[in-house]
Amino acid sequence: MALRQFRGQDSRQPTHAAEGPDEDVEAHPAHERPSDPRLRLGRIDAEPEALVALPSEGDQFARALPGGPLLHADVDAFFAAVEQRDDPALRGVPMAAGDVVIACASYEAREWGVRAGMSVGEATAVCPRLRIVPLRSDAYAAASGALFAVFGRFAARLEAGSMEEAFLDTRTTPWATVDQLAASIQRAVWQETGLPVTIGVGRTKLMAKLASRSVKPRGLRVIQPAEERYLRPALLVEELWGVGDATMERLRQHNIRTVADIAVVHPEHLRDIAGTLMARRLTAIVTGTDDATVRPERPRRSFSVQRTIPRGATVDVEGLTAELAARLRDGGFTCTVVTLGLTYANRLEHHGRTRLPEPTADAGRLAATVQALLPGDGVRVERAGITVTGLQPADAAVQLTLDLGG
């Protein structure tokens, strides 16, 4: 009875717009959306106005494991959605945002098999009609700001997962009306930002995120506590948010494939398999005591960018550092430490780190610093990441520079 096992078992289908594969979990293609009548589902059209909901069951599990609803809100294909919003010619056609590598594909492009991380050449080979537009960091940052301004009006606290998704603390909202609240948020986001958002509701972050993943794009799904009672034990290991590939492989080697399987493993044996911290997290998932706390964003400590490097291409230092510089400027920061991380085709890694002589948010200085950190061994790089730390307010950094120069 895992999420994927509920799909396609009911003839009563909620009204919905055309679907594409989930941008976060590509193991759930469009034709496998949940449709079991026991799951409280909702859908919105291109302009969210009407919510279609199916009845939920009782509240026995709610009494056993109390807790109000949390929301996970996630804009569908964020970069592509911003581009389609701003350019009507891109709407309804296969398109993607990226430079050397596809950063985000629209749902129309995903139907052709275009995925983030593909090289532009690979993407156009599978979809000759693909329209590719360059990344616009400033536009995405502005859209993110407007999005979170809407979220903030509906929730006591927000926890950002990225620039286009967040958990919303709505635990004071009754379960009976939380679907109406979620629909109101969808409608407000669409009307005020022009962006489509999917919302999942659950008692914990895991349940809320699973709910949103299962109904992308433009979906709304509520997993009631009573439904969670039978859904949780049947969840597949690969559906558990935060469990990495290495841990999943070790669990599979011990024939552990569902949450119910985890429940019968001796705690010490589970620690041997998954490690102490992950074993603790898995045990919490089994008992339903996993994370349900929305934590407001802490002061920013770093900015990072990562890219998959297509075969035959080199690390786009200028592009990566330009994006970092734009994000530093948008946040009003400068940085003092630059770290480079490379993953080679042979799975070996290279890390380099340097401290800057003075704080900066200049793309040229960052690029020169990263170039100096690049090794000259000629081994093919599969993935590159740059992180800047030692953040300071930009105005403070300017004052420091002026003082030193005077």
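What about D330, is it among the acidic types (D, E), surrounded by 16 or more Cβ atoms within 10 Å (Cβ to Cβ), modelled with pLDDT of 90 or more and not assigned by TED's automatic domain parsing to the domain that holds G98? Can you show your working first?
Numbers: among the acidic types (D, E): yes; surrounded by 16 or more Cβ atoms within 10 Å (Cβ to Cβ): yes; modelled with pLDDT of 90 or more: no; not assigned by TED's automatic domain parsing to the domain that holds G98: yes.
For D330, the condition - among the acidic types (D, E), surrounded by 16 or more Cβ atoms within 10 Å (Cβ to Cβ), modelled with pLDDT of 90 or more and not assigned by TED's automatic domain parsing to the domain that holds G98 - is not met.
Could you please find all residues in segment 308-353 being touching a residue at least 60 places away in the same chain (Cβ under 8 Å) and acidic (D, E)?
Those that are touching a residue at least 60 places away in the same chain (Cβ under 8 Å) and acidic (D, E): D316, E323, D330.
Please tell me if E159 is closer than 17 Å to G202 by Cα and in contact with a His (Cβ under 9 Å, 6 or more places away or on another chain). Quick ask: steps written out before the conclusion?
Numbers: closer than 17 Å to G202 by Cα: yes; in contact with a His (Cβ under 9 Å, 6 or more places away or on another chain): no.
No, not satisfied.
Identify all residues within segment 126-135 that are assigned to a loop (DSSP other than H, G, I, E, B) and over 13 Å from A97 (Cβ atoms); write none if there are none.
Within segment 126-135, the subset assigned to a loop (DSSP other than H, G, I, E, B) is 127-130, 134-135.
Once the filter is applied, which keeps residues that are assigned to a loop (DSSP other than H, G, I, E, B) and over 13 Å from A97 (Cβ atoms), segment 126-135 yields C127, P128, R129.
Residue by residue, here is whether (1) touching a His at 6+ places or on another chain (Cβ under 8 Å); (2) of a type in the set (A, V, I, L, M); (3) closer than 24 Å to S304 by Cβ holds:
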| position | (1), (2), (3) |
| --- | --- |
| E111 | no, no, no |
| V114 | no, yes, no |
| G121 | no, no, no |
| L135 | no, yes, yes |
| A141 | no, yes, yes |
| F154 | no, no, no |
| W175 | no, no, no |
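Given the residues A166, A208, A123, A143, which is the only one that is buried (at least 21 other Cβ atoms within 10 Å of the Cβ) and assigned to a strand (DSSP E or B)?
Working: A208 fails: assigned to a strand (DSSP E or B); A123 fails: assigned to a strand (DSSP E or B); A143 fails: assigned to a strand (DSSP E or B).
None of the other options fit; the residue is A166.
Does at least one position in segment 314-336 carry a residue that is over 30 Å from E165 (Cα atoms) and not basic (K, R)?
So in segment 314-336, the residues over 30 Å from E165 (Cα atoms) come out as 314.
Remaining after also requiring not basic (K, R): 314.
There is at least one residue in segment 314-336 that is over 30 Å from E165 (Cα atoms) and not basic (K, R).
Outside any helix (DSSP H, G or I), at pLDDT 90 or above, out of contact with any Pro (no Cβ under 7 Å at 6 or more places or on another chain) and not hydrophobic (A, V, I, L, M, F, W, C) - does that describe any residue in segment 364-373? Steps first, answer last, please.
Just the residues of segment 364-373 that are outside any helix (DSSP H, G or I), to begin with: none.
Taking every residue of segment 364-373 in turn, none turns out to be outside any helix (DSSP H, G or I), at pLDDT 90 or above, out of contact with any Pro (no Cβ under 7 Å at 6 or more places or on another chain) and not hydrophobic (A, V, I, L, M, F, W, C).
Is segment 232-244 home to any residue that is aromatic (F, W, Y), under 30 Å from L71 (Cβ atoms), crowded, with 16+ Cβ neighbours inside 10 Å and modelled with pLDDT under 95?
We begin by selecting, within segment 232-244, every residue aromatic (F, W, Y); these are 241.
Remaining after also requiring under 30 Å from L71 (Cβ atoms): 241.
Of the ones still in play, those that are also crowded, with 16+ Cβ neighbours inside 10 Å are 241.
Still in the list and also modelled with pLDDT under 95: 241.
Yes, some residue in segment 232-244 is aromatic (F, W, Y), under 30 Å from L71 (Cβ atoms), crowded, with 16+ Cβ neighbours inside 10 Å and modelled with pLDDT under 95.
Report yes if some residue within segment 346-365 is out of contact with any helix residue (DSSP H, G or I) (no Cβ under 9 Å at 6 or more places or on another chain), among the basic types (K, R) and within 30 Å of D395 (Cα to Cα); otherwise report no.
Yes - at least one qualifying residue is present in segment 346-365.
Here is a list of conditions, (1) surrounded by 19 or more Cβ atoms within 10 Å (Cβ to Cβ); (2) among the acidic types (D, E); (3) outside any loop (DSSP other than H, G, I, E, B), and D290 meets all of them except one; can you say which number that is?
For D290, the exception is condition (3).
Let's see how each residue does on (1) closer than 30 Å to L195 by Cα; (2) assigned to a helix (DSSP H, G or I); (3) in the same structural domain as W190 (by TED's automatic domain parsing):
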{"site": "S212", "(1), (2), (3)": "yes, yes, yes"}
{"site": "G242", "(1), (2), (3)": "yes, no, no"}
{"site": "T247", "(1), (2), (3)": "no, yes, no"}
{"site": "R252", "(1), (2), (3)": "no, yes, no"}
{"site": "N255", "(1), (2), (3)": "no, no, no"}
{"site": "V265", "(1), (2), (3)": "no, no, no"}
{"site": "H269", "(1), (2), (3)": "no, yes, no"}
{"site": "D272", "(1), (2), (3)": "no, yes, no"}
{"site": "R281", "(1), (2), (3)": "no, yes, no"}
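Can you tell me which residue in segment 342-363 is surrounded by the most Cβ atoms within 10 Å (Cβ to Cβ), limited to those that are in a loop (DSSP other than H, G, I, E, B) and on the phi < 0 side of the Ramachandran plot? It would help to see each step written out before you state the result.
Initial filter on segment 342-363 (in a loop (DSSP other than H, G, I, E, B)): 345-348, 361-362.
Filter again for on the phi < 0 side of the Ramachandran plot, leaving 345-346, 348, 361-362.
Values: A345: 12, N346: 9, L348: 10, A361: 24, D362: 14.
Among residues in segment 342-363 that are in a loop (DSSP other than H, G, I, E, B) and on the phi < 0 side of the Ramachandran plot, the one surrounded by the most Cβ atoms within 10 Å (Cβ to Cβ) is A361.
For segment 95-120, which residues satisfy the criterion of being part of a loop (DSSP other than H, G, I, E, B), more than 17 Å from the chain's Cα centre (by Cα) and among the hydrophobic types (A, V, I, L, M, F, W, C)? Explain how you work it out, then say what you get.
Here is the first cut: in segment 95-120, the ones part of a loop (DSSP other than H, G, I, E, B) are 99-100, 106, 111-118.
With the extra rule that they be more than 17 Å from the chain's Cα centre (by Cα), the set shrinks to 99-100, 111-114, 118.
Once the filter is applied, which keeps residues that are part of a loop (DSSP other than H, G, I, E, B), more than 17 Å from the chain's Cα centre (by Cα) and among the hydrophobic types (A, V, I, L, M, F, W, C), segment 95-120 yields V100, W112, V114, M118.
Could you tell me which residue of segment 211-222 is surrounded by the fewest Cβ atoms within 10 Å (Cβ to Cβ), considering only residues that are within 25 Å of R110 (Cβ to Cβ) and hydrophobic (A, V, I, L, M, F, W, C)?
Here is the first cut: in segment 211-222, the ones within 25 Å of R110 (Cβ to Cβ) are 211-221.
Right, trim to hydrophobic (A, V, I, L, M, F, W, C) and you get 211, 215, 220.
Numbers: A211: 31, V215: 24, L220: 30.
Residue satisfying both the conditions and the ranking: V215.
Looking at A274, A292, A361, which one is closer than 30 Å to R203 by Cβ, in contact with a strand residue (DSSP E or B) (Cβ under 8 Å, 6 or more places away or on another chain) and among the aliphatic types (A, V, I, L, M)?
Values: A274 fails: in contact with a strand residue (DSSP E or B) (Cβ under 8 Å, 6 or more places away or on another chain); A361 fails: closer than 30 Å to R203 by Cβ.
Result: A292 is the single residue among A274, A292, A361 that is closer than 30 Å to R203 by Cβ, in contact with a strand residue (DSSP E or B) (Cβ under 8 Å, 6 or more places away or on another chain) and among the aliphatic types (A, V, I, L, M).
The values are calculated or read from the model by the stated rules, or taken from the named source; none is laboratory data. It should be emphasised that the depicted structure is a prediction, and the values quoted were computed from it without experimental measurement. Don't worry about glycine lacking a Cβ; one is built from the backbone with ideal geometry, like all the others, and counts go over all protein chains shown.
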